[in-house]
Structures are given as C-alpha cells and as structure tokens.
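Structure record follows, encoded as structure tokens.
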Amino acid sequence: QKEVEQDPGPLSVPEGAIVSLNCTYSNSAFQYFMWYRQYSRKGPELLMYTYSSGNKEDGRFTAQVDKSSKYISLFIRDSQPSDSATYLCAIDQTGANNLFFGTGTRLTVIP
Amino acid sequence: KAGVTQTPRYLIKTRGQQVTLSCSPISGHRSVSWYQQTPGQGLQFLFEYFSETQRNKGNFPGRFSGRQFSNSRSEMNVSTLELGDSALYLCASSLYSGNTIYFGEGSWLTVV
C-alpha cells in the first residue's frame with residue numbers, strides 16, 4: 001500500500017467552479033500535510049501547509065485535514081484559467097524532510 | 001530573495017555515463033533534499049543533507065549519491081546511467097530539517 005493515494009483525475013472544470021482535490025494516507029504517524037502546485041516543466045510550488053485537523057484558508061484556497069479518516073482535501077473557489085496545473089498532495093513525518101507525494105491531479109480550468 | 005537554483009536545467013547523457021547536478025539553496029537554508037520525478041513513479045525522495053551530513057536516504061540504488069558543501073550548496077551524482085534514470089531531478093531546501101521545503105525548477109535529464 002502506498003503511503004499516500006491521490007485521485008488521479010484529470011479534472012476539467014469551467015471558470016468560476018469550485019474544485020475539490022483529495023488524498024488519503026495510510027500511516028497515522030504522519031503529521032504534516034502540504035499541497036503543491038506544479039505548472040508544466042516547472043518545479044512544485046508550495047500552496048498550503050498544515051499540521052492539524054480542520055480547515056486552513058488562504059485566499060481562494062482551503063486545505064482540509066481529517067486525521068481520523070486519514071483524508072486531506074484542497075478546495076479552490078472561483079477557479080481561474082491560471083489555476084490550470086497539476087496539484088500534488090504531500091505528507092511528512094516530523095523532522096524527516098522525506099515527503100511522500102501523491103501522484104498528482106491535473107486540473108484544467110476552461111475559460 | 002533568490003529561490004532554489006539548479007544547474008544545468010537540461011542535459012542529455014548516454015547510457016553508462018555519469019552525471020552531476022548542482023543545487024544552490026535559498027540563502028540561509030541549511031537543509032537540502034533531492035527528489036526524482038517521473039511520469040510512472042511520480043515524485044520520490046532521494047536523500048536529504050543537513051550541515052554536510054546525509055540525514056535520510058530514499059530507496060534508490062547506490063549509483064545515486066550526493067554531498068553538501070559547507071556553504072549548503074549540494075550536488076547529486078548518478079553513475080552508470082540507465083535509460084530509466086531519465087527524469088526531472090528536483091532539489092528542495094528548507095531552513096532546518098522538518099521545516100517547509102521549497103523546490104527549485106529542476107534538472108531535466110534524458111538518458112539515451
């Protein structure tokens with residue numbers, strides 16, 4: 001079983017839609033949860049970082065963590081064509097800097 | 001503030017050759033990690049260096065090695081290249097091990 005599983009997509013939505021991206025993980029020892037955005041032929045860019053259950057909001061982005069279900073989500077409100085990218089969830093054990101990544105969900109926002 | 005800088009950005013090598021990739025972390029960052037990204041396996045952790053010491057290593061063969069210098073700059077080396085080593089190699093830095101990591105643009109390696 002992989003440490004983290006991510007809905008593979010791809011996902012195609014109209015501009016202005018709410019997007020939901022999801023991952024599940026296997027080990028309850030994981031404490032840190034991140035979402036990265038990766039544009040084509042670029043390095044991943046950190047979007048959200050959280051270490052507790054609940055919601056964390058940053059502009060149009062909301063990260064949600066449910067440790068009891070080992071489930072993490074990223075919501076994008078009012079999606080824009082510039083949000084078109086691959087979104088990667090990542091989880092980390094304390095102090096390891098050894099991130100386990102999901103396989104990524106490719107999102108296309110259609111104008 | 002400059003981000004993580006990786007060189008070269010693109011390179012083509014022949015099977016059996018070796019390659020060295022370079023990474024300059026964000027100024028002040030002391031931890032450098034390396035990842036391999038391929039379409040089939042996604043992003044996989046290679047190793048992490050902190051204060052010139054390898055702290056953690058992923059599940060890769062010994063052909064993959066790295067080092068970190070006193071100025072926190074890092075290099076990774078792949079010897080006896082195989083076709084399957086074709087990938088995007090990403091370097092990431094953080095202030096300390098366990099902090100948020102920031103990625104560079106990556107080095108695209110093609111092995112022919």
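Applying the Kirkwood pairwise sum to the alpha-carbon positions of chain A produces a hydrodynamic radius of 14.0 angstrom. Result for chain B in a Gaussian network model with C-alpha springs under 10 Å: among B:T100, B:T20, B:T38, the largest mean-square fluctuation is at B:T100. An ellipsoid equivalent to segment A:4-44, defined through the eigenvalues of its Cα gyration tensor, has semi-axes of 23, 15, 10 Å when rounded to whole angstrom and sorted largest first.
Annotation: chain B has a Kirkwood hydrodynamic radius of 13.8 angstrom, from the mean reciprocal C-alpha pair distance. Shielding value for A:97-106 is 6, the average number of Cβ atoms from other chains within 10 Å of each residue's Cβ. Of the trypsin sites (Lys or Arg not before Pro) in segment A:1-77, the ones in a loop by DSSP (not H, G, I, E or B) with at most 14 other beta carbons within 10 Å are A:K2, A:R41, A:R60, A:R77.
Each residue of segment A:48-55 is assigned a 3J(HN,Hα), and the resulting list reads 9, 9, 8, 10, 9, 5, x, 10 Hz, derived from the Karplus form 6.51 cos²θ - 1.76 cosθ + 1.60 (θ = phi - 60°), x at Gly and Pro. Per-residue 3J(HN,Hα) values for segment A:26-35, derived from phi via the Karplus relation 6.51 cos²θ - 1.76 cosθ + 1.60 with θ = phi - 60°, read 9, 10, 5, 6, 5, 10, 10, 10, 9, 10 Hz in sequence order (x marks Gly and Pro). Using only the C-alpha atoms, the convex hull of the protein assembly as shown corresponds to 123 Å³ per residue. Relative to the Cα centre, the charge distribution of chain B, modelled as +1 at Lys and Arg Cβ and -1 at Asp and Glu Cβ, gives a dipole magnitude of about 120 debye. Lysine pairs in chain A whose alpha-carbon atoms fall under 18 angstrom of each other, counting only those eight or more residues apart or on distinct chains, come to 4. Dipole check for the protein assembly as shown: with +1 at the C-beta of Lys and Arg, -1 at the C-beta of Asp and Glu, and the Cα centre as origin, the magnitude is about 480 Debye.
Values in this text are rule-based calculations from the coordinates and carry no lab data. Remember, predicted model here, so these are calculated numbers, not experimental data. All Cβ positions, glycine included, derive from the backbone under ideal geometry; neighbour counts span all protein chains shown.
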